[in-house]
1. If I filter the stretch 107-117 for residues that are basic (Lys, Arg) and assigned to a helix (DSSP H, G or I), do I get at least one hit?
2. Glu131 passes all but one of (1) among the acidic types (Asp, Glu); (2) under 17 Å from Asp89 (Cβ atoms); (3) in a strand (DSSP E or B); which number fails?
3. Tell me which residues, restricted to the stretch 212-228, are loosely packed, with under 14 Cβ neighbours inside 10 Å and not in a strand (DSSP E or B).
4. Within the stretch 215-222, identify whether any single residue is of a type in the set (Lys, Arg) and in contact (Cβ under 8 Å) with a residue 60 or more places away in the chain, and answer yes or no.
5. Could you tell me whether any residue of the stretch 72-80 is under 30 Å from Gly188 (Cα atoms), in contact (Cβ under 8 Å) with a residue 60 or more places away in the chain and small (Gly, Ala, Ser)?
6. Determine the pairs where a residue that is at positive phi and surrounded by 13 or more Cβ atoms within 10 Å (Cβ to Cβ), located within the stretch 6-34, has a partner that is among the β-branched types (Val, Ile, Thr) and modelled with pLDDT of 95 or more with Cβ atoms under 8 Å apart, the partner being 6 or more residues away or on another chain.
7. Determine whether Asn273 is part of a strand (DSSP E or B) and either loosely packed, with under 13 Cβ neighbours inside 10 Å or polar (S, T, N, Q) (or both).
8. What are the residues in the stretch 162-210 that are assigned to a loop (DSSP other than H, G, I, E, B), crowded, with 19+ Cβ neighbours inside 10 Å and within 18 Å of the chain's Cα centre (by Cα), if any?
Amino acid sequence: MPTFGEAERRIASLLRAGNTFVYNGDNFTIVNSGKPTCMKGEPKTDIYVEAESEYGDIVEIKITYKKENADFIENKTNAVRAKALFGDDWENIIMQATESIRDVFESKKLIYKSAAARTERGAITLGWKYELLNKTGGGLSGLVELTREQIIDVYAGTHISKDKRDARVNGEIIENCGIANCILMNDGVKTTQEIIDSLYTIEDYVDMYPTVYFACKALNYRTFYNKYDGNRPLSVYVDWYVEDGQLCHNLVFDSPLSVGGDEVADNLIAALNELGIDTTDDITEDIVSDPSIINF
């Protein structure tokens, strides 16, 4: 099974300059194509195509490509990406989503003296990352309340920054080339024409799949290894602290993606050190203010 990058490069090779296709009944020749790039991050458009018809008409095809089995719309969400996806109201959109399942967060185990499902023994939860999916994604998941126009913006990248919007293709800055106008979800295409025939406009795709889901995935500190998976921004984080000789916590919902794994891990490690705890083996019911968060 080819990787995303391999599949994307194969599709781009079928859309190279000089190739021809029929579009809306007219014959077109590709005059420029490539992957839009910018100094930092990526535009929403994965493959840009400029083609000219036999009558001199120009069409821009700006493809966002998703593998057929892909669940993710966005799986490395930080504040910059969230603003690019949702616009200026991004914080409220994320808070509304996570607050809608507050009871699920509050019922989660946070300290794992023994393993549970995919969570290994020795883990202590720092918080939860934020991902966007085209279908539900487990217990900490739900529907993102967005209008049709907002969902179109998410797929097209309408709110991306200017350097991503006006990206470079083959060294040339092309205005708005980073904002996608169509989507490809067909891994089996073998010709230029098959690609064109498989495209959906962003609007048509959203009308077929009018829902966007969020999923919150745990970022855990692994006490037996003194490790966690980096300074990932957290949609909800655990504020660990010591009070009256016990390990206490609060779940924080109102600072989405502004606090990362490093800050929470530092607080947790300081609290564990103050209590003389090295690993979850040292944790007992009487040392935790709320023993219900322990998975024994």
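1. No, the stretch 107-117 contains no residue that is basic (Lys, Arg) and assigned to a helix (DSSP H, G or I).
2. Against the list (1) among the acidic types (Asp, Glu); (2) under 17 Å from Asp89 (Cβ atoms); (3) in a strand (DSSP E or B), Glu131 comes up short only on (2).
3. Phe224, Tyr225, Asn226
4. Yes, the stretch 215-222 contains at least one residue that is of a type in the set (Lys, Arg) and in contact (Cβ under 8 Å) with a residue 60 or more places away in the chain.
5. No.
6. Hits for this filter: Gly34/Ile47; Gly34/Val169.
7. The answer is no for Asn273.
8. Gly178, Ile179, Ala180
The values are calculated or read from the model by the stated rules, or taken from the named source; none is laboratory data. Remember, predicted model here, so these are calculated numbers, not experimental data. Backbone-built Cβ (ideal geometry, glycine too); neighbour counts: all protein chains shown.
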